[in-house]
Each structure stands twice: as C-alpha cells, then as structure tokens.
1. Pick out the one residue from Ser173, Ser74, Ser138 that is in contact (Cβ under 8 Å) with a residue 12 or more places away in the chain and more than 18 Å from the chain's Cα centre (by Cα).
2. Report yes if some residue within region 260-279 is crowded, with 18+ Cβ neighbours inside 10 Å, of a type in the set (Ser, Thr, Tyr) and at pLDDT below 85; otherwise report no.
3. Tally the residues that are touching a residue at least 60 places away in the same chain (Cβ under 8 Å), surrounded by fewer than 20 Cβ atoms within 10 Å (Cβ to Cβ) and touching a Gly at 6+ places or on another chain (Cβ under 9 Å), restricting the search to region 84-113.
4. Would you pick out the residues in region 147-157 that are surrounded by fewer than 17 Cβ atoms within 10 Å (Cβ to Cβ) and at pLDDT 85 or above?
5. Given the condition in contact (Cβ under 8 Å) with a residue 24 or more places away in the chain, of a type outside the set (Lys, Arg) and closer than 30 Å to Val73 by Cα, answer yes or no: does some residue in region 186-208 qualify?
6. Within 15 Å of Ala189 (Cβ to Cβ) and surrounded by fewer than 15 Cβ atoms within 10 Å (Cβ to Cβ), is that true of Lys131?
7. Looking only at region 161-187, count every residue that is touching a strand residue (DSSP E or B) at 6+ places or on another chain (Cβ under 6 Å) and part of a helix (DSSP H, G or I) and tell me the total.
Amino acid sequence: MDLLSVIPPEEIWVAIPKVIEIFFFVLIAIGVKNRGGRSYKDQYYLNRTFFFAFLSWVFYITCDLFIFLFAAVSFDPTVPITAVGYDLGHPSLLVANILRDFGLTGGLLNAIFLLIAAMQIRYGEKETKRKVTRNPISIIVIVAFLVIGGAFDMIKVQIGSNGNVSINPYYASVTIITLSTAVGVYFAAAFALRSSLYYNIKEAPPLLRRRLRLLSFGVLLMGVGEAYWILKGVLNLVPAFTVFITTNDLWLKIAGHCIWILSPVLIYLGLRELPVEFPEKAKSTPLNASSRNI
C-alpha cells in the first residue's frame, strides 16, 4: 500500500506552518528561559513560567504534526469507513488518540502557564503562589481540567467512497466545553496583563507599557486561535457549512496556524529586555518586581 494514499494531501502542506510554529516556540522558549543565567537556580521565576508555557505548546504541536499525518496509515483507502477514538482494529488511529491525550494536555497546560505568568505580573509572585501554584484546591481543579480535557478529546478518520482520506478532531460536547474553557483562560490571562497597564504602571515609561501591550496581544491571539479551531470544528458539523469547509480546508488550516505563529512573536517582543528605568511609584508594584525578572 502506498503510504501517501492514506495521508491527506492538505496535511502535508499544513505540516509546513506547524514546523515553523514549533521552531518559533522552541527558539523563543530557550531565549526566555536563559534570562538571568543558564543554570536553573539563576533563572528568573517568571521566565521559567513562560518557558514551560512555550515548551508545553511545542509538545502539543509536535504531537499534532504526527497525529494528522499518520492517523490513517493502518486503514485501507479502498474501503469507505468512519472510525473514531481508540479503535483496536486500526492501530494508527489508536496511537493517534493516545498521542492526542498527551498532546492536548500540553496545549491546555500552555493556557494555564500563561495565566500563571500573567498573574505574576499583575499580582506578584507571592500572591500567585498563594492563590494558584501552592493552593491545593487550585491544583485539584487544574488536574481535573487536564484529565477531562485529555480523556474526551478524540480523533476521527474518514475514508470516502472516492478514496479521499480526512483526519479531524471529533468535537464531542465535553470537548467543546473543555476547549472553550481554555479560550476563557487565555482571555483571562490577556485581561490580567492588560489591566496591569491601568493598575500597576500608570506612570511607567512608554517602552514598558508597549511591552505589556504586545504581551497581552500575544496571549490573546492564543485564545483567538483556539476559538478559531473550535468554530471551524463546530461549523463542520453543520451541513450548510460542511461543503465550504471541506473545499477550503487547506487554507482554513493554514490561517489557523498563522495566528498561532504570530502569537509567540508578539509575546517575545513583549518579554525582550529593554533599557527601562522604572518610576519611583512603580517600584512597589507587583509588576515591577516581576518585570525585573523578564
């Protein structure tokens, strides 16, 4: 059997922006992580949070890359079929769904880490630890969110009577709720960053304010990208939109990943070091304590 006959052609093209996305996130993760020093103890707490956020997204997109290229390799392209989830009769789909469980967990962790980073900037490190990272209730909620998100999200392989192969996420109601929650987390993080402009650094130099705007827009784009994929998946279930989405699937997928490519670039521009002197009033704010760690 020809391997290319069971790999959707659009996924080969979409692999290009995915690889670019991975490259950007890895590059920026390393650059952000090493601020303050290369050894772990010398690295700033806020920078490590952003590093883990970027790293978790790299894991998600890497899994995504393999899933949508190889989920159908154990199928016969001459036999029309629709298969969803952990299908023991099709090992490639089984492996794809297992990878999806781990990959989506990484994607959800990205939203959580970005929210934690935003809270560090808005409220300070100590308050963030008290409310989130060292709060047992918060940790239980986060773990439950990750488990539910990974368990109910699945991959669907469909082979038509004409031999066309399509590989798509299967959007069950629980999956839509979980991913929509992730969008809310991104928006909350962006709002926390944006609000810092008005509550923490009213009198800060323009360069610092611009950094924070770029940072908030970058985080917001992660949520916008997630919302884009949810909307695409839901509309694909509506017969009136199915033909349009199927016909333009390649360009719609490339557009979605372009949003996610732009996001880390804006975040990095917001995080990069600038020669900013903080006004005296800003020195007591949580943002200033965190911004020295950027």
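1. Details: Ser173 fails: in contact (Cβ under 8 Å) with a residue 12 or more places away in the chain; Ser138 fails: in contact (Cβ under 8 Å) with a residue 12 or more places away in the chain.
When all the criteria are applied, what remains is Ser74.
2. For region 260-279, residues crowded, with 18+ Cβ neighbours inside 10 Å, of a type in the set (Ser, Thr, Tyr) and at pLDDT below 85: present.
3. Residues meeting the conditions: 0.
4. First, the residues of region 147-157 that are surrounded by fewer than 17 Cβ atoms within 10 Å (Cβ to Cβ): 147-148, 151.
Residues satisfying the conditions are Val147, Ile148.
5. No: region 186-208 contains no residue that is in contact (Cβ under 8 Å) with a residue 24 or more places away in the chain, of a type outside the set (Lys, Arg) and closer than 30 Å to Val73 by Cα.
6. Details: within 15 Å of Ala189 (Cβ to Cβ): yes; surrounded by fewer than 15 Cβ atoms within 10 Å (Cβ to Cβ): yes.
Taking the combined requirement at face value, the residue satisfies it.
7. Keep residues of region 161-187 that are touching a strand residue (DSSP E or B) at 6+ places or on another chain (Cβ under 6 Å), which gives 165-168, 170.
Checking which are part of a helix (DSSP H, G or I) leaves us with none.
Total satisfying the criteria: 0.
The values are calculated or read from the model by the stated rules, or taken from the named source; none is laboratory data. As the structure is a computational prediction, the values presented were derived from the model and not from experiment. With ideal geometry, Cβ positions are generated from the backbone for all residues, glycine too; neighbour counts draw on all protein chains shown.
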